[in-house]
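Following: one structure in structure tokens, then a few remarks.
Values in this text are rule-based calculations from the coordinates and carry no lab data. What you see is a predicted model, and the numbers here were worked out from it, not measured in a lab. Glycine also receives a Cβ, built like all others from the backbone with ideal geometry; neighbour counts cover every protein chain displayed.
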Amino acid sequence: MATINTATATGGTSGGTASQLSSNIMAIYSQEVLFKAQPILRFEAFASRKEELGVAPGLTVNFLRYNPLEGGGALTENTDLVTTNITTSLVPITVVENGNAIAVTELLLRSSFTDVMSDTSLLLGQNLARYRDGQIRDALISGTSNHKWANNHTRTTLLATDFLSTDDIREVVETLATAKAPKIGGDAYVMFIHPHQARYLRRDPDWINAANYGAPTQRFVGEVGRFEDVRFVETTMVTKVGTDGAITADSISAGHVVGDHPSVAMYQAIAIGDHAIGLAISLEAQLRDNGIKDFGRRHELAWYGIWGSAVIEAGHSCVIETA
């Protein structure tokens, strides 16, 4: 982990001259922010990324989507093939400014027994990770065309015993396969589940724990097991919705569920296929120094970036709500 001498980075308050962090120090800590964000990211790992140096008017980044070819069939001798045209469509994703800032005092830097600037990069990195992962999760929930409930109930008739089951998983697989959602890496769909939901799946005798895979399979970060054509990633980023409609999750964003309030507290697991969600980045998150304030008594740091996320294929994901 990179460390800095606080006296060099911040200057003195008695007889010294306060100064901003040097550009090379800022570059080091920008990398720290991205590094610290990685271990707790779950949803972003499966997003289709597109990075643009420039954006179209209106701050949009376009994902190109090819439509299926039509025609084809048996040929007749001495008859030329009839050509067809490739048709495409664009999926625009609007990018916006994102950021958060933190301030530390000169007194804290001088009196702390830890490297406060390094600790600050850790806090900012964790904050960035939770914010962006929650942003991608929310886009999936609001943008999918497939919603299911445990035991074929509805949100308003869900029972306290309607836990996530293998029968629910089979229905999700059927829904995604019918929508022609491609499997990730050609191997399996991925479902993000809350630890509460994973508890009940592990009871099923057909459940395969990730530690017991018979073949040398590269595990995803956070992967806990597999059932049929679904690999499960456990994360507290999965939202919990109370009977009052209030949403809680291990993320920055919170609010109220759109639509009916559930009859019991429920969790919103999300299954995805390939190319379900897009992440458009115009400027990757970086650490920025806002200079020295109040005659060198306060120092402000922030993460800042320009990006946006949106569903690319509405049928390539499925939300299942369970007790």
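Rounded to whole Å and sorted largest first, what semi-axes of the equivalent ellipsoid does the C-alpha gyration tensor of the stretch 168-323 yield via the square root of 5 times each eigenvalue?
Rounded to whole Å, the semi-axes are 34, 21, 17.
Principal axis extents of the Cα atoms in the stretch 42-106, from largest to smallest and rounded to whole angstrom, are 85, 31, 14. What number comes out for the charge environment of T156, summing +1 per Lys or Arg and -1 per Asp or Glu over other residues with Cβ under 13 Å away? Local charge sum for T156: -2.
For K148, the lysines whose Cα comes closer than 21 Å to its Cα, not counting residues fewer than 8 places off in the same chain, are K180, K183, K240.
Please state the equivalent ellipsoid semi-axes for the stretch 75-180: what are the square roots of 5 times the Cα gyration tensor eigenvalues, largest first, in whole Å?
48, 30, 13
Pairs of Cα atoms in the stretch 142-237 fall into 10 Å distance bins, from 0 up to the last occupied one, in shares of 14, 47, 34, 5, 0 percent.
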